[in-house]
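K.L.:
Before we start, here is the structure in question, set down as structure tokens.
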Amino acid sequence: MANSYRSPLLDLPGAVPGEPPDEGVALHYGDPFAEQRRLESWVGYVDLSHREVVRVSGPDRLSWLHSLTTQHLTELPPGQATEALVLSPHGHIEHALYLVDDGEATWMHVEPGTAADLVSFLDKMRFMLRVEVADVTAEWAIIWEPVREPVPGRLTRVTDHGRDVFLPRGELAEYGRTHEHPAGMWAYEALRIARHQPRLRFETDHRTIPHEAGWLDRAVHLDKGCYRGQETVARVHFRGRPPRRLVFLHLDGSVETLPPHGAPVEYEGRQVGFVTSSARHYELGPIALALIKRNTPIEVPLLAGGVAASQEVIVPA
């Protein structure tokens, strides 16, 4: 999706545009805390139409994607949501895929600005297999709703926390006119951080491996055939320890500013990591995720961008 993208849902009352990489959709619609509370009460929706959509069709698609990603996909039933990663040869995370199969094609949504590189990689790996890869972002958009059941007649990716609805892009404006209680990325990100869910390019840098960010449980199958980066995944899981670990931070609520992405996390005057995401939660107050050195003591005070913080374990030390 080009940086010039602007969702028609930004024309709704109170909409304030988001910031990179979430420009093009709303940051909030006037009251981010009320939006969070509604979403937690299973009411409303979030415009994720700036995310990009890739479709893989053909009879060999699942076995082919199985061989290229971290997830076991050969027997993925239609309608079942899953996540997968594409790793570098050294096991570093390059892409995070949020998948669902409809029986004829596998659909996935990915971070803004990453579909072109993903499609290029997949096209290079097709060889003689019966698969077709297409970036269909221009035709399809994602809406997230806090509902845990599929939408009749719609391609829907249902998880424990809600559902991703694949909506024809031409229907976005009508969707906004006929659905109540929109919520922006401020609310969506606050709830994501509170659930300890990693996000590509936030909780990852050029050397992040799945173990560090807490992606093993949700996106990595540890008992499957070879794929790019598998050697690192297996070695670290069975014989080693990841050099860093993702932590959840409770921040000092008396400080008005939030530490931005990349802000240093310090312990006793030494930098031990960096802030990956931060937000103000309607109930928990200011919170953040951070990647820190594995051997940083757990029950010690930290400074996150100069803000006092206590840590909650996500990835065990």
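K.L.:
Can you give me the number of residues within the range 293-312 that are within 25 Å of Pro20 (Cβ to Cβ) and of a type outside the set (Gly, Ala, Ser)?
P.N.:
Number of matching residues: 1.
K.L.:
Also, quick follow-up: State yes or no: is Ala279 buried (at least 19 other Cβ atoms within 10 Å of the Cβ) and either within 18 Å of the chain's Cα centre (by Cα) or outside the structural domain of Gly91 (by the TED database) (or both)?
P.N.:
Answer is yes for this residue.
K.L.:
Among what's in the range 33-47 and is surrounded by fewer than 21 Cβ atoms within 10 Å (Cβ to Cβ) and touching a Phe, Trp or Tyr at 6+ places or on another chain (Cβ under 6 Å), pick the residue that is farthest from Asp164 (Cα to Cα).
P.N.:
Filtering first and then ranking leaves Phe33.
K.L.:
Please count how many residues of the range 52-81 are touching a Ser or Thr at 6+ places or on another chain (Cβ under 9 Å) and among the β-branched types (Val, Ile, Thr).
P.N.:
The total comes to 4.
K.L.:
Let me ask something additional. With in contact with a Lys or Arg (Cβ under 9 Å, 6 or more places away or on another chain) and of a type in the set (Val, Ile, Thr) as the only criterion, which of Val54, Val131 stands out?
P.N.:
Being in contact with a Lys or Arg (Cβ under 9 Å, 6 or more places away or on another chain) and of a type in the set (Val, Ile, Thr) holds for just one of Val54, Val131, which is Val131.
K.L.:
For the range 254-270, indicate whether the set of residues that are open to solvent by less than 30 Å² (accessible area, probe 1.4 Å), outside any strand (DSSP E or B) and in contact with a strand residue (DSSP E or B) (Cβ under 6 Å, 6 or more places away or on another chain) is non-empty.
P.N.:
Taking every residue of the range 254-270 in turn, at least one turns out to be open to solvent by less than 30 Å² (accessible area, probe 1.4 Å), outside any strand (DSSP E or B) and in contact with a strand residue (DSSP E or B) (Cβ under 6 Å, 6 or more places away or on another chain).
K.L.:
I've got another one for you. Give Asp101, Asp123 a once-over and let me know the one that is more than 18 Å from the chain's Cα centre (by Cα), of a type in the set (Asp, Glu), open to solvent by less than 10 Å² (accessible area, probe 1.4 Å) and on the phi < 0 side of the Ramachandran plot.
P.N.:
From the options Asp101, Asp123, the qualifying one is Asp101.
K.L.:
Taking Thr178 and the conditions (1) at pLDDT 95 or above; (2) open to solvent by 40 Å² or more (accessible area, probe 1.4 Å); (3) within 16 Å of the chain's Cα centre (by Cα), which numbered condition does it fall short on, given that it satisfies the others?
P.N.:
(3)
K.L.:
Hey, among the residues in the range 104-120 that are over 26 Å from Arg163 (Cβ atoms) and under 18 Å from the mean Cα position of the chain (by Cα), which one's least open to solvent (accessible area, probe 1.4 Å)?
P.N.:
Across the range 104-120, the extreme among qualifying residues is Ala116.
Okay, residues lined up against (1) within 15 Å of Pro198 (Cβ to Cβ); (2) modelled with pLDDT of 95 or more; (3) not assigned by the TED database to the domain that holds Asp22:
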{"position": "Ala213", "(1), (2), (3)": "yes, yes, no"}
{"position": "Glu256", "(1), (2), (3)": "no, no, yes"}
{"position": "Gly262", "(1), (2), (3)": "no, yes, yes"}
{"position": "Val272", "(1), (2), (3)": "no, yes, yes"}
{"position": "Pro286", "(1), (2), (3)": "no, yes, yes"}
{"position": "Leu289", "(1), (2), (3)": "yes, yes, yes"}
{"position": "Ile292", "(1), (2), (3)": "yes, yes, yes"}
{"position": "Pro301", "(1), (2), (3)": "no, no, yes"}
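K.L.:
With the requirement that a residue be open to solvent by less than 40 Å² (accessible area, probe 1.4 Å) and assigned to a strand (DSSP E or B), what does the range 135-157 give you?
P.N.:
Those that are open to solvent by less than 40 Å² (accessible area, probe 1.4 Å) and assigned to a strand (DSSP E or B): Ala141, Ile142, Ile143, Trp144, Glu145, Thr156, Arg157.
K.L.:
Pick from the range 67-91 the residues that are more than 20 Å from the chain's Cα centre (by Cα) and touching a residue at least 40 places away in the same chain (Cβ under 8 Å): which of them is surrounded by the most Cβ atoms within 10 Å (Cβ to Cβ)?
P.N.:
Ser67
The values are calculated or read from the model by the stated rules, or taken from the named source; none is laboratory data. Worth saying up front: this structure is predicted, and the values here are computed from it rather than measured. All Cβ positions, even for glycine, are placed from backbone atoms using ideal geometry, and neighbour counts span all protein chains on display. SASA here: full protein model, heavy atoms, side chains in, ligands and nucleic acids out. Shrake-Rupley method; radii C 1.70, N 1.55, O 1.52, S 1.80 Å.
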